[in-house]
Structures are given as structure tokens and as C-alpha cells.
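Just below is one structure, and these are the notes that go with it.
The values are calculated or read from the model by the stated rules, or taken from the named source; none is laboratory data. The structure displayed is predicted, hence computed values, not measured ones. Cβ atoms come from the backbone with ideal geometry, glycine included; neighbour counts cover every protein chain shown. With ligands, DNA and RNA removed, areas are computed over all heavy atoms of the protein, side chains included. Shrake-Rupley method; radii C 1.70, N 1.55, O 1.52, S 1.80 Å.
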Amino acid sequence: MAQAAAARLITRIVDAQAARGTASVVLTGGRNGNALLAAIAASPARDAVDWARLDLWWGDERFVPAADPDRNAVQARGELLDRVPLDPARVHVMPASDGVHGSDVEAAAAAYAEELAKAAAPGARVRVPAFDVLLLGVGPDTHVASLFPEHPGIRETERTVVGVRGAPKPPPTRISLTLPAIRAAREVWLLAAGEDKADAVALALAGPGELQAPASGARGTGRTLWLLDRAAAARIPAQLYPPASA
């Protein structure tokens, strides 16, 4: 799955750069997100990307010190970012708990929302860039980014970034994009691999509603793509599969 997703993402970035000169991607962490980055790093096709003309954002982040190995940005640098010639000004990391906002996660979230707003197109309804691809890993409980079932963040309809407290998986304090920000992306790709994701995938695709299954509320303005391995897709009802000719 990671290799297939890497090939698709490289192609999508190259196409966006050919069309508009630049590309904008939102990264995800976790097992599947890091595997995707590692696959890009190992791919000879990575040289087709003009890395200096790529903007990178994050869908969520653990609100811990900047050097903490649990941070998605630290893991992403180890897997890929330190191996390609990115423009540092285009790598938009979320604030850390030892940054200028200290332990105030709400202030840190507001600062990232402001950074997104500055990069938004004039007149954009949702004040975020029109991301070419927004990547999301799907958790075993159907969470995406750090939007967990029934938590306050999944109910947000106005803000683009929120502070998350009391997350059901450690660390409990996080920063996350909200569904309005996610739904502003041109394409949203949901990644899931492994048997432990099978129930979550089946539930989200059954459409129970975003409060119970946040992954079901993640969609792009132009395309929503699920990228699964066989194990993660094992419990999808047959009627949800596209026709064989599609």
C-alpha cells in the first residue's frame, strides 16, 4: 500500500507543479504515513518532483517539545524530508510545547490557523490553502488527524485548527486540523493497512456519521480516495465495492 500510494503521490505532485508551478500537500504521521514517506524516499521517481516548489503542512501534531521523537514532523524528517532539497520556508510545522506559546495549546492552534490563512487564496471561503493532496491515516477507532469519535474537535464547524486535550491515545494533548479545513483540500486520501484497521474501514465506509466515525466525514472537493491493503479491506461489504468495469 505504501509503495502504491507513494507512486500516486509523486505523480500528483508532478502534475500539480506542471499545472500551477507549485504543489501543496498535507502530511500525516503514524505507521501508514511514515511508511508512505519511506517509500517515496526509496523511489527513483522522487527526482521528478521539484522539491523546492512544494509546500508541506501537517494534519495534526503531538503537542510535545520540538525535538521529541513522538512528533510527526521529527519522524517525517527522518523518513524523507532531510533527504530531499526542500525550501525550509515551505515546510510548515505545527508549534511545539516548548515554543513561543509554551504549554498553551489553544494559542498554538490559533497560530497555525493564522499561518494557513496567510497562504489561502484571496476570497477563499475556508481560510486555508487549496491543498492538492491531504493525507490522513485512519485509526482503529476511525479517527483521522487528531479528531476522535465524539470529541469536541470533530464537532468544530468554524475554526480550521483546534487544540485537543484528553485524546484517548497518548500523548493526550495535540493540535489538529478540523473537518472544515480537511474538506477544503482538492483531494483527500485516507490510508489504512493491516488487519487492525479492517473494522474501522468497514465502519467508516458504511456511513454512520462523522461524530461516531470521523473518517466518514473526511472528503475532498474534487476527489476522496481510500488506499488500503487487502487486510484493511477485508471487512468491507461487497456492495460497497465499485463494479468490476470501473
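Select from the stretch 172-193 the residues that are basic (Lys, Arg) and within 21 Å of residue 70 (Cα to Cα) and list them in ascending order.
Kept after step one, since they are basic (Lys, Arg), are these residues of the stretch 172-193: 174, 183, 186.
The one that is basic (Lys, Arg) and within 21 Å of residue 70 (Cα to Cα): 174.
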For the stretch 50-60, which residues satisfy the criterion of being assigned to a strand (DSSP E or B) and within 10 Å of the chain's Cα centre (by Cα)? 57, 58, 60
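Specify which of the listed residues (77, 31, 8) is modelled with pLDDT under 95, surrounded by fewer than 18 Cβ atoms within 10 Å (Cβ to Cβ) and assigned to a helix (DSSP H, G or I).
On the way: 77 fails: modelled with pLDDT under 95; 8 fails: modelled with pLDDT under 95.
Of the residues listed, the single one that is modelled with pLDDT under 95, surrounded by fewer than 18 Cβ atoms within 10 Å (Cβ to Cβ) and assigned to a helix (DSSP H, G or I) is 31.
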Any chance the stretch 62-70 includes a residue that's crowded, with 20+ Cβ neighbours inside 10 Å, touching a Lys or Arg at 6+ places or on another chain (Cβ under 8 Å), charged (D, E, K, R) and not in a strand (DSSP E or B)? no
Taking the stretch 110-126 and the residues there that are assigned to a loop (DSSP other than H, G, I, E, B) and open to solvent by 40 Å² or more (accessible area, probe 1.4 Å), the one that is nearest to residue 179 (Cα to Cα) would be 125
Of the conditions (1) closer than 17 Å to residue 24 by Cα; (2) part of a helix (DSSP H, G or I), residue 85 clears all except one; give me its number. (2)
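Conditions (1) without any contact (Cβ under 8 Å) to a residue 12 or more places away in the chain; (2) closer than 25 Å to residue 187 by Cα; (3) in contact with a strand residue (DSSP E or B) (Cβ under 8 Å, 6 or more places away or on another chain), marked per residue:
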site: 43; (1), (2), (3): no, yes, no
site: 46; (1), (2), (3): no, yes, no
site: 51; (1), (2), (3): no, yes, no
site: 56; (1), (2), (3): no, yes, yes
site: 59; (1), (2), (3): no, yes, yes
site: 71; (1), (2), (3): no, yes, yes
site: 89; (1), (2), (3): yes, yes, no
site: 97; (1), (2), (3): no, no, no
site: 102; (1), (2), (3): yes, no, no
